[in-house]
Amino acid sequence: MNHTQAKERVAKLKDLINDYRYHYHVLNESIMSEEAADSLKHELSKLEEQYPDLVTPDSPTQRVAGAVLPGFAQVEHSKRMLSLSDVFSEGEIEAWVKRIDKAAPGRKLEFFTDIKMDGLACALIYRDGLLDRGVTRGDGFVGEDVTANVRTIESVPLSLRKTNKYAEFLQGKTEIRGEIVMYKKDFRRLNLKRKKANQPLFANPRNTAAGTIRQLDPSLVASRPLHFRAYDLLREKESEVSTYSFAYDVLSELGFSTNQAATVLNSVKEIMNFANEWETRRLGLEFNTDGLVVKVNDRELYESLGVAGKAPRGAIAFKYAAEQATTVVKDIFVSIGRTGTATPVAMLEPVVIAGSTVQMATLHNESEVHRKDIRIGDSVIVHKAGDIIPEVVEPLPSLRTGKEKIFKMPINCPDCGSKLIKLKVEDVAWRCPNTSCPSRSWKQIQHFASKEALDIEGLGEKNVILLLESGLIKDAADIYTLKPENLIRLDRFAEISANKLVKAIKEKTHPSLPRFLYGLGIRHIGSQTAIDLSNYFKNIEVIMNASVDELASIEGIGEIVAEAVVEYFSEPKHQKLLSKFKGLGVWPVEDEHVSSKLEGNNFVITGTLEGMSREDAADKVRKLGGRFQSSVAQDTDYLVIGSKPGGNKISKAKTFGTKTLNEEEFLALLDS
């Protein structure tokens, strides 16, 4: 990107970020997720670092946003309430520490680290121990006088707690800074009441807390459960508060709630260990958080480092991997799936989301692309939660340059040239009708060997394509004819790897009926539907000869799935494939069903289990009569939480009252 392009991009980013911040901080409504806004701000900051001459006083990177609302008296802060610069990686933390080392060479550094609260910043001013005034952050220099409202918050002391240990803080002016938050459980209860009263639901706890504290009627504020959690202590004589850790000790003595996780650390490694520990544990906190606050513990050193723009040099906010970010659509291509579905896919400028680099995202279908008006060259918001495939949430039209191109669905299949069709007029998806299409062939075989199907190790995408191109296989049944001496001739195989693959294939000669049925790749047949069919019919020959009415009568199947099953088994090509499997001695066996107290219970797993794969866990659940689901719903009985879980599933579990289990509790339940 040259200087002219950067200048244009910076101008557009400023406008969009300022618009977002106005809606979020002033109007208490959100036009995009906070994660997406953070991603835009990070991009702007990097561009301004690259081109310092583009930095202007009105840039979002140079000030604390948020204007004072009418209706409250304006109060000038005794000391500016600053926001913090965001960092997203260990490398950025190391760079921050190096800058401090350079500014204060030879000083031993301690870092006071705390959980970052997602609430409304507020300053409480006490005079001779009595609450005198409550002031919001506002624009950092001037805030709103919300004293009458903060007095209704139970966690705000109307007078400081008497203490002999820190008696000096009961005299003169003592300012306490912190966050006004709404706890997640209280937010859910509040929305439940509003739902029953047919009132519009609130968007999130942060906006609800901010909107509540700005109400002109204190009685309404008193009716909503807000909490004040302190994080800073100011005195006119600054030397009275030597460190941030000392400030927390004083705050607790004076009667304020502080985060008990806060601690003093001595290195970047210790900071990262703390960050990694709380990446999962934070999901169990009472309030929402998206990261940590890291400060130089020594207050004198902290102050001497000064301020850079809107942020102090002695503190940073470490943000956890976002589930949303912004990037650019480089191109849109069409991918043909194993059932022939033609799916538009966005090629993206690489972006890190939820801890992994994303370069492609599904656009679902042609109608969805046009409904969202996603164009080639657009800046877009991309979402990725847990195991969900990345998807483009929406474009950012205000960042368009006029060079963006509207996507047009191709008429022919990009892989075999067949004309794309729609099976029904009302279908939204285009399909390639050629069952011998190269994309369909290798994806079908790869699906057959996948973990949820036969779980054949070594038959990934590259090996399947190589076997097809070499002529050694034409379909999934042919993999059982492979011999080590055939494989050794291929570039990707040596003697050990060839023997290993053949052995892995032979071990899956008699798969369970659900896995085999799922592996065939029948449209609309997922792993759970395959289990439902297997439990009802017990035998694949019976399923092959079942009528649409018989299939549709099974709970959870329905007419669309029934028609897909009958259509699959009636096709001569598929009949020939099944006959080929049987001739090679490859045929499914019925799973022995063990009755247990898991019978009829629905399970979801989020995160990674240490003792087994997700597929193995699903198998165990199913063999004991339970059902394995991909996402939390109202009928989910248990959510099993592993390491690095997805916050969305945990949030839904709390909403629906789903019981949560850690891995140890889950294993105990399986063994009971």
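Residues are listed down the side, and each one gets a yes or a no for (1) touching a Gly at 6+ places or on another chain (Cβ under 6 Å); (2) crowded, with 19+ Cβ neighbours inside 10 Å; (3) under 23 Å from Ala449 (Cα atoms):
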residue	(1), (2), (3)
Ile543	no, yes, yes
Ala546	no, yes, no
Glu550	no, no, no
Gly556	no, no, no
Ile560	no, no, no
Glu571	no, no, yes
Lys576	no, no, yes
Gly583	no, no, yes
Tally up the residues in segment 642-672 that are in contact (Cβ under 8 Å) with a residue 60 or more places away in the chain and not in a helix (DSSP H, G or I), please. 5
Qualifying residue in segment 221-236 (condition: in contact with an Asp or Glu (Cβ under 9 Å, 6 or more places away or on another chain), within 29 Å of Ala247 (Cα to Cα), of a type in the set (Ser, Thr, Tyr) and surrounded by 20 or more Cβ atoms within 10 Å (Cβ to Cβ)): yes
Conditions first: (1) in contact with a Ser or Thr (Cβ under 9 Å, 6 or more places away or on another chain); (2) more than 17 Å from Gly519 (Cβ to Cβ). Glu550 passes all but one, so which condition is the exception? (1)
For segment 622-659, how many residues meet the condition of being under 29 Å from Leu513 (Cβ atoms) and modelled with pLDDT of 85 or more? 6
Subset tally (residues that are in contact (Cβ under 8 Å) with a residue 24 or more places away in the chain and surrounded by 16 or more Cβ atoms within 10 Å (Cβ to Cβ)) for segment 417-437: 7
Those residues that are more than 23 Å from Asn288 (Cα to Cα) and out of contact with any helix residue (DSSP H, G or I) (no Cβ under 6 Å at 6 or more places or on another chain), I need them from segment 112-132; list them, please. Ile125, Tyr126, Arg127, Asp128, Leu130, Leu131, Asp132
Based on this model, can you work out whether Arg188 counts as more than 18 Å from Asp132 (Cα to Cα), in contact with a Leu (Cβ under 8 Å, 6 or more places away or on another chain), in contact (Cβ under 8 Å) with a residue 24 or more places away in the chain and not β-branched (Val, Ile, Thr)? no
Strands (runs of 3 or more DSSP E) enclosed by segment 109-172 - at least 2 residues per element that are under 27 Å from Ser242 (Cβ atoms) and in the same structural domain as Thr280 (by TED's automatic domain parsing): 111-115, 120-127, 130-136
Does any residue in segment 1-30 that is on the phi > 0 side of the Ramachandran plot and surrounded by 15 or more Cβ atoms within 10 Å (Cβ to Cβ) come within less than 8 Å, Cβ to Cβ, of a residue that is assigned to a helix (DSSP H, G or I) and at pLDDT 75 or above six or more places away or on a different chain, and which pairs are these? Asn28/Asn207; Asn28/Ala210; Asn28/Gly211
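The values are calculated or read from the model by the stated rules, or taken from the named source; none is laboratory data. Since we're looking at a predicted model, the values are computed, not measured. Here the Cβ is made from the backbone with ideal geometry for all residues, glycine too, and neighbour counts use every protein chain on show.
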